[in-house]
Amino acid sequence: FSVVVGVSLGLWAARRAKSEWYLGAILLSIVGISMPSFLAAFLLQVGVIKLTQAVGHTVLPLGGFGWDERIILPALVLAARPLAQITRVTFVTIIDIFDQDYVRTARAKGLSQNRVVMKHAFRNALLPVVTIVGLQMGSILGGAVLTETIFGLAGVGRSVVESIFSRDFPVLQGFVI
């Protein structure tokens, strides 16, 4: 989810770099990078509570385990920071690539903007994006500990918290590795 939406938003913002729309996308990505996962979880829970009060029936459950609608809020919390970072890296990389000589040459040859972006710029922008995706895997695992605790999920995060309180060091070492 983070990769698909983040790359799409980054490309969208880069193609509109001279308009006022890209500023909103970049501002949202900065907020997403800066916001800690526990605050995002709290704000999402408050938002769902307010929406439930306005509608009059439960829109999404706030906790519990299951592979149904209960997974939506924790998945959004875990996807927020990687999505924001992927959006930002894609945007900055594409903007930098647009200034390269080979992109100017492709435009001068008369290629359409879509073809220039997808064939020339996007391929070269994938390396930093893939690097960020790999680096975000550790962040997602670290955020899962807190997110599972906040939403009451029984997963790896809860096992880590329980092993911390029971001083079960082999489990902690396995998780860190």
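Selection of region 59-79 for residues being open to solvent by less than 30 Å² (accessible area, probe 1.4 Å) and aliphatic (A, V, I, L, M) yields L73, V77, A79. Do you know which residues across region 80-118 are open to solvent by 30 Å² or more (accessible area, probe 1.4 Å) and β-branched (V, I, T)? Passing the criteria: V89, V92, I95, T105. What tally of residues in region 119-177 results from selecting those that are in a helix (DSSP H, G or I), open to solvent by 60 Å² or more (accessible area, probe 1.4 Å) and among the charged types (D, E, K, R)? Looking only at that region, the number is 4. Taking region 7-36 as the range and being open to solvent by 30 Å² or more (accessible area, probe 1.4 Å), in contact (Cβ under 8 Å) with a residue 40 or more places away in the chain and under 13 Å from R81 (Cα atoms) as the test, the residues that pass are L28, I30, V31, I33, M35.
The values are calculated or read from the model by the stated rules, or taken from the named source; none is laboratory data. Given the structure is predicted, the values throughout are model-derived calculations rather than measurements. Note that we place each Cβ from the backbone using ideal geometry, even for glycine, and neighbour counts take in every protein chain shown. We work out accessible area using only protein heavy atoms, side chains counted, and drop any ligands, DNA or RNA first. Shrake-Rupley method; radii C 1.70, N 1.55, O 1.52, S 1.80 Å.
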